[in-house]
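J.: Can you keep this structure in mind? I'll have questions shortly.
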Protein chains: 4
Amino acid sequence: MTADLEAESLARRVADAMRGADAATTGAGVELVEVGPGRALARLVVERRHVNGHGLCHGGYLFLLADAAFAYACNSYGTPTVAAGAEITFLRPGKLGDELRAEARVRAAAGRTGVYDVTIRVGDAVVAEFRGHSREVPSMPQPPGV
Amino acid sequence: MTADLEAESLARRVADAMRGADAATTGAGVELVEVGPGRALARLVVERRHVNGHGLCHGGYLFLLADAAFAYACNSYGTPTVAAGAEITFLRPGKLGDELRAEARVRAAAGRTGVYDVTIRVGDAVVAEFRGHSREVPSMPQPPGV
Amino acid sequence: MTADLEAESLARRVADAMRGADAATTGAGVELVEVGPGRALARLVVERRHVNGHGLCHGGYLFLLADAAFAYACNSYGTPTVAAGAEITFLRPGKLGDELRAEARVRAAAGRTGVYDVTIRVGDAVVAEFRGHSREVPSMPQPPGV
Amino acid sequence: MTADLEAESLARRVADAMRGADAATTGAGVELVEVGPGRALARLVVERRHVNGHGLCHGGYLFLLADAAFAYACNSYGTPTVAAGAEITFLRPGKLGDELRAEARVRAAAGRTGVYDVTIRVGDAVVAEFRGHSREVPSMPQPPGV
């Protein structure tokens, strides 16, 4: 296997193990669509439980979706990594029934610190922009199965 | 009624109307404890559905809790107000069974823009610090009952 | 002139007028290298006045450089636009004598709100990542000469 | 000397050493007014070199002022500490001749990470709110004289 294929395979193996161990993400309705080194695509279809009285997706679930894509992306290299923090900008509402797609991508890294961008879209329209700050914690155990 | 009591009463009336209209917040397990002009206290007991495989509360639910307290606080003056964005810093994990308390407080305002701080604690220990950016939208309808 | 050429020409005209009117940016040593619709490239050579006792560029000047590139980029469409806020992550130090290059690019927009990314590099190494939040203020006067 | 007095004295000793070693901060016009454990007050009078064509203080210098107060506050405990990042919200303009006062205060800390709030005011009016993220680097040398 080439180095590239190995990196892709490692990213998928980590993501599978994370999914198995993370009831919160899957329970909230987030699905992982794709993952690779430094990137991930996740989706959430906006259900009644995600919306407020105006039929608009709660900002908390937009954050949760972006945060999940971020977590898959920043753990994809095989070193256990946690979120130190994040910021999110809300640009357009997500509506009941919308399919939200969150695309995470590494932007920069130095030492144990990483910066990741996540864009949430409905079709081509940007719903929210998220920037995540990650920190590698090599001493933390991997989820079982990696 | 004095101006102070009226302000307190308005904050509670808005919060009651928001709660009635917001299935997402209550459905996620967030309870409003207290509300007043420019401030709110909300709580979440960390259940199995909120945690990952390590028994730690998902960052998405920490954000959702803080965001809910922020929403109550920034709508408390009676003008419909939305979140433009927010940033969160994760300092300590929330664990299965923990009672998380999120205290929101206005920090500064100018024109239609507001800055709010939300601190999430378990007992006295700070779990996360959240800063929310609000924007008044006077043309937006109030939730029914205000 | 095609629409594209007109957009490029407008961006340059606005940037020239801004530079003429902005003693702070040029006085701090920031030079505009390139500008176009939704983008700008600015540079700063780190001088003695920019560094602390370790010979490292003060974070305030890194921010000032990124903020200047952001201002050129978000005003490039011809509507007066101000910074509502920004966040910066410091990844590597800038050193005395380094040529810092700040590349600004629009990331998303909705209504009067825009999100811009600015990356500061020395050569290929990322020194800082900046995210700016802009707000159009059509009622604000343009700098003279636009 | 009591523990409290020792903490105050240490904060002042570190700040004096930092000032001596930091040409950038003092050269930009920032003065330290007061410092203690986890807090600092700095000031900047807005001069011609700090303003743009509208006579308004450049956001870069507002950031620099807040960042300087943050640096004094987060180094006040005696452990060398750097800024990992920061976010700033601009609420009102600072004008030529204004005396800007930046008050920094620790908000929360966990492990080597700290969260600091800095408010910039002119009189009682809030000009900007800044939140800084610090990271202790015990291996880094102190400025001479501590």
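J.: Hey, can you tell me all the residues within region D:19-44 that are over 24 Å from D:GLY97 (Cβ atoms) and basic (Lys, Arg)? Break it down stepwise before answering.
T.: As a first pass, look at region D:19-44 and keep what is over 24 Å from D:GLY97 (Cβ atoms): D:19-23, D:35-39.
Result: D:ARG19, D:ARG39.
J.: Restricting region C:78-102 to residues that are more than 9 Å from every other protein chain (Cβ to nearest Cβ) and under 14 Å from the mean Cα position of the chain (by Cα), which is surrounded by the fewest Cβ atoms within 10 Å (Cβ to Cβ)?
T.: Filtering region C:78-102 for residues that are more than 9 Å from every other protein chain (Cβ to nearest Cβ) and under 14 Å from the mean Cα position of the chain (by Cα), the one surrounded by the fewest Cβ atoms within 10 Å (Cβ to Cβ) comes out as C:ARG101.
J.: Let me ask something else. Scan region B:14-25 residue by residue and report those that are more than 10 Å from chain A (Cβ to nearest Cβ) and either within 24 Å of A:LEU62 (Cβ to Cβ) or surrounded by 17 or more Cβ atoms within 10 Å (Cβ to Cβ) (or both).
T.: Within region B:14-25, the first condition is being more than 10 Å from chain A (Cβ to nearest Cβ), and the residues that meet it are B:14-16.
The answer is B:VAL14, B:ALA15.
J.: Which number in (1) of a type in the set (D, E, K, R); (2) surrounded by 19 or more Cβ atoms within 10 Å (Cβ to Cβ); (3) more than 15 Å from the chain's Cα centre (by Cα) marks the one condition that B:ARG112 misses?
T.: Unmet for B:ARG112, out of (1) of a type in the set (D, E, K, R); (2) surrounded by 19 or more Cβ atoms within 10 Å (Cβ to Cβ); (3) more than 15 Å from the chain's Cα centre (by Cα): (2).
J.: Considering (1) in contact with a Gly (Cβ under 7 Å, 6 or more places away or on another chain); (2) surrounded by fewer than 14 Cβ atoms within 10 Å (Cβ to Cβ); (3) of a type in the set (Gly, Ala, Ser), say which one A:ALA3 fails and leave the rest.
T.: Exception for A:ALA3: condition (1).
J.: Given C:LEU10, C:LEU32, which one is touching a Phe, Trp or Tyr at 6+ places or on another chain (Cβ under 8 Å), in a strand (DSSP E or B) and over 30 Å from A:GLY85 (Cβ atoms)?
T.: Working: C:LEU10 fails: in a strand (DSSP E or B).
Only one candidate passes the filter, namely C:LEU32.
J.: Within region B:3-13, count every residue that is free of Cβ contacts under 8 Å to residues at least 24 places away in the same chain and acidic (Asp, Glu).
T.: Total satisfying the criteria: 2.
J.: Being more than 8 Å from chain C (Cβ to nearest Cβ), among the hydroxyl-bearing types (Ser, Thr, Tyr) and either under 21 Å from D:ARG121 (Cβ atoms) or buried (at least 24 other Cβ atoms within 10 Å of the Cβ) (or both) is the filter here, so list the residues in region D:58-77 that pass it.
T.: D:TYR72, D:SER76
J.: So which residues in region B:108-136 are in contact (Cβ under 8 Å) with a residue 40 or more places away in the chain, in contact with an Asp or Glu (Cβ under 9 Å, 6 or more places away or on another chain) and within 14 Å of chain A (Cβ to nearest Cβ)? Walk me through it before giving the result.
T.: First, pick out the residues of region B:108-136 that are in contact (Cβ under 8 Å) with a residue 40 or more places away in the chain: B:114, B:116, B:118, B:120, B:127-136.
This time we only want the ones that are in contact with an Asp or Glu (Cβ under 9 Å, 6 or more places away or on another chain), so: B:114, B:118, B:120, B:127, B:129-133.
Answer for region B:108-136, where residues must be in contact (Cβ under 8 Å) with a residue 40 or more places away in the chain, in contact with an Asp or Glu (Cβ under 9 Å, 6 or more places away or on another chain) and within 14 Å of chain A (Cβ to nearest Cβ): B:VAL118, B:ILE120, B:VAL127, B:GLU129, B:PHE130, B:ARG131, B:GLY132, B:HIS133.
J.: Turning to a different aspect of this structure: From the list A:ASP67, A:ASP98, A:ASP124, A:ASP117, which one is under 15 Å from B:PHE90 (Cβ atoms) and of a type in the set (D, E, K, R)?
T.: Working: A:ASP98 fails: under 15 Å from B:PHE90 (Cβ atoms); A:ASP124 fails: under 15 Å from B:PHE90 (Cβ atoms); A:ASP117 fails: under 15 Å from B:PHE90 (Cβ atoms).
When all the criteria are applied, what remains is A:ASP67.
J.: Given (1) in contact (Cβ under 8 Å) with a residue 40 or more places away in the chain; (2) in a helix (DSSP H, G or I), identify the lone condition not met by A:THR26.
T.: Failed condition: (1).
J.: Okay, next question. Of the conditions (1) in contact (Cβ under 8 Å) with a residue 60 or more places away in the chain; (2) facing another protein chain (nearest Cβ under 10 Å); (3) of a type in the set (D, E, K, R), D:ARG105 clears all except one; give me its number.
T.: (2)
J.: Anything in region C:36-46 that is touching a Phe, Trp or Tyr at 6+ places or on another chain (Cβ under 8 Å), within 19 Å of C:ARG135 (Cα to Cα) and assigned to a strand (DSSP E or B)? List them, or say none.
T.: Hit for region C:36-46 is C:ALA40, nothing else.
J.: For a quick check of your reading of the model, give me the residue pairs whose first member lies in region B:65-93 and is on the phi < 0 side of the Ramachandran plot, whose second is in a helix (DSSP H, G or I) and among the hydroxyl-bearing types (Ser, Thr, Tyr), with beta-carbon atoms closer than 8 Å and at least 6 apart or on different chains.
T.: B:ALA68/B:THR25; B:ALA71/B:THR25
J.: I would also like to ask the following. For the structure I just gave you, tell me whether B:ASP16 is in a helix (DSSP H, G or I), acidic (Asp, Glu), touching a residue at least 40 places away in the same chain (Cβ under 8 Å) and over 21 Å from A:LEU96 (Cα atoms).
T.: Numbers: in a helix (DSSP H, G or I): yes; acidic (Asp, Glu): yes; touching a residue at least 40 places away in the same chain (Cβ under 8 Å): yes; over 21 Å from A:LEU96 (Cα atoms): yes.
So B:ASP16 passes the test.
J.: Which members of region A:15-42 meet the condition of being of a type in the set (A, V, I, L, M, F, W, C) and at pLDDT below 95? Even if it seems obvious, please write down each step before you answer.
T.: First, the residues of region A:15-42 that are of a type in the set (A, V, I, L, M, F, W, C): A:15, A:17-18, A:21, A:23-24, A:28, A:30, A:32-33, A:35, A:40-42.
Correct list: A:ALA15, A:ALA17, A:MET18, A:ALA21, A:ALA23, A:ALA24.
J.: Yes or no: region A:45-57 includes at least one residue that is facing another protein chain (nearest Cβ under 9 Å), surrounded by fewer than 15 Cβ atoms within 10 Å (Cβ to Cβ) and either over 26 Å from B:LEU96 (Cα atoms) or within 12 Å of the chain's Cα centre (by Cα) (or both).
T.: yes
J.: Scan region B:70-88 and tell me whether some residue there is more than 23 Å from B:ALA11 (Cβ to Cβ), among the acidic types (Asp, Glu) and in contact with a strand residue (DSSP E or B) (Cβ under 7 Å, 6 or more places away or on another chain).
T.: yes
The values are calculated or read from the model by the stated rules, or taken from the named source; none is laboratory data. Treat the numbers as computed from the prediction; the structure is a model and nothing was measured. Using ideal geometry, Cβ is built from the backbone for each residue, glycine included, and neighbour counts are taken over all protein chains shown.
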